[in-house]
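Enquirer: I'd like to ask some things about the structure below.
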């Protein structure tokens, strides 16, 4: 894949990720509009993330299969919002996002110049990790309602998807306002893992960028 095409795919993925995060805030509370808008924006993310995958090996083929399954299940849930379909939605979305994260992490660590596309890719990977844990949080909450609790709201009030997205992003950055709390054991474990992931990502990414730049200079 040419550098120009990869830069474009990386930028498309970055814009789609930002759009998803922003839209989730403005459509929160309106379930009909929220479901339609977020599914559509997630479709764009799945497509852009698949294009971002390396062509070598089976990365893109496997990513396309997982993306197709995830898209199909999300579409089914939009018209048939059954609990079992919702569980499958979050499960396959988490599998796809985890797969893409591993693929991009492997690709971006290869020796080579630090291009604009590589910088986009590193930012994309960071946000994708947040979305991966967002899907995991939703999966846990669907399987075990009440696993997360928002301060100031009764325990009987279910937590929204936007709140879980917010929780994932502030946990990944280790900001931790404490206004949304993981309550169940699986929720606490995954929140702790996400915080560790955020810290390690920054350290490993800086080291890999320096190594890639040094390798490019030497050659």
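Enquirer: What shape does segment 90-185 have by the C-alpha gyration tensor, where a ≥ b ≥ c are the square roots of the eigenvalues, rounded means a/c under 1.5, and otherwise prolate means a/b greater than b/c and oblate the rest?
Expert: Values: a/c = 3.68, a/b = 2.14, b/c = 1.72.
The shape class here is prolate.
Enquirer: Right, another one. Once you have a ≥ b ≥ c as the square roots of the Cα gyration tensor eigenvalues for segment 26-152, tell me rounded if a/c is under 1.5, and otherwise prolate or oblate according to whether a/b is larger than b/c.
Expert: The shape class here is prolate.
Enquirer: Could you bin all the Cα-Cα distances of segment 3-218 into 10 Å bins starting at 0 and give me the percent of pairs in each, rounded to whole numbers?
Expert: 8, 33, 36, 17, 5, 1, 0
Enquirer: With the Cα gyration tensor of segment 46-105 giving a ≥ b ≥ c as the square roots of its eigenvalues, does the rule (a/c under 1.5 for rounded; else a/b larger than b/c for prolate; else oblate) give rounded, prolate or oblate?
Expert: Prolate, since a/c reaches 1.5 and a/b exceeds b/c.
Throughout, read-outs are computed from the coordinates displayed, never taken from laboratory work. Since the structure is predicted, the reported quantities are computational estimates derived from the model, not experimental observations.
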